[in-house]
1. Can you list residue pairs whose Cβ atoms sit under 6 Å apart, with the first residue in the stretch 73-93 being free of Cβ contacts under 8 Å to residues at least 40 places away in the same chain and under 16 Å from residue 28 (Cβ atoms) and the second being aliphatic (A, V, I, L, M) and part of a helix (DSSP H, G or I)? Count only pairs 6 or more apart in sequence or on different chains.
2. Given 53, 59, 11, 72, which one is in contact with a His (Cβ under 7 Å, 6 or more places away or on another chain), outside any strand (DSSP E or B) and among the aliphatic types (A, V, I, L, M)?
3. Given the condition on the phi > 0 side of the Ramachandran plot, assigned to a loop (DSSP other than H, G, I, E, B) and in contact with a Leu (Cβ under 8 Å, 6 or more places away or on another chain), answer yes or no: does some residue in the stretch 24-36 qualify?
4. List every residue pair whose Cβ atoms sit under 8 Å apart, with the two residues 6 or more apart in sequence or on different chains, where the first one lies in the stretch 9-28 and is more than 21 Å from residue 85 (Cα to Cα) and the second, anywhere, is modelled with pLDDT of 85 or more and surrounded by 11 or more Cβ atoms within 10 Å (Cβ to Cβ).
5. Among residues belonging to the stretch 43-90 that are among the aromatic types (Phe, Trp, Tyr) and surrounded by 12 or more Cβ atoms within 10 Å (Cβ to Cβ), point out the one that is farthest from residue 5 (Cα to Cα).
Amino acid sequence: MEEAHERFPALAGLGYECRGETLPGTLYIRKAGPPRYNLHLTLYGGEHWVEMLVFRDYLRFLGGASRRHEALKRDLMSRLARDPPAYNDGKAAFIRS
């Protein structure tokens, strides 16, 4: 994570802004759009990194999971686009399941 902070000026030069830690050890970096880009940097091999790979694989390989996840995110975005914590809370139960 120290290296991520050291390299951030290069991303800032491309229009990205560091929004801080979203979870311990995970940085949220975004570039306002259009289009908008979101980067989440986390420790390679860390607990969060492993959890995100498991979730990715779940979406890829279990029938219909990615479509359900997409539908949920579209619904939440239509209602909660201006409230990121509520949007994230709305996804939490699906992700935990």
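1. So the pair list comes out as 87/76; 87/80.
2. On the way: 53 fails: in contact with a His (Cβ under 7 Å, 6 or more places away or on another chain); 11 fails: in contact with a His (Cβ under 7 Å, 6 or more places away or on another chain); 72 fails: in contact with a His (Cβ under 7 Å, 6 or more places away or on another chain).
Going through 53, 59, 11, 72 in turn, the sole match is 59.
3. Keep residues of the stretch 24-36 that are on the phi > 0 side of the Ramachandran plot, which gives 25.
Keeping just the survivors that are assigned to a loop (DSSP other than H, G, I, E, B) gives 25.
Subsequent filtering for residues that are in contact with a Leu (Cβ under 8 Å, 6 or more places away or on another chain) retains 25.
Checked the stretch 24-36: at least one residue is on the phi > 0 side of the Ramachandran plot, assigned to a loop (DSSP other than H, G, I, E, B) and in contact with a Leu (Cβ under 8 Å, 6 or more places away or on another chain).
4. From the stretch 9-28, the pairs are 11/18; 11/29; 11/39; 12/18; 14/31; 15/31.
5. Initially, the stretch 43-90 is screened for residues among the aromatic types (Phe, Trp, Tyr), giving 44, 49, 55, 58, 61, 87.
From what is left, the residues that are surrounded by 12 or more Cβ atoms within 10 Å (Cβ to Cβ) are 49, 55, 58, 87.
Values: 49: 18, 55: 26, 58: 31, 87: 27 Å.
The extreme case among them is 58.
The values are calculated or read from the model by the stated rules, or taken from the named source; none is laboratory data. Note that the structure is a prediction, hence the values are computed from the model and not measured. For neighbour counting, all protein chains shown are included, and Cβ atoms are generated from backbone atoms with ideal geometry for every residue, glycine included.
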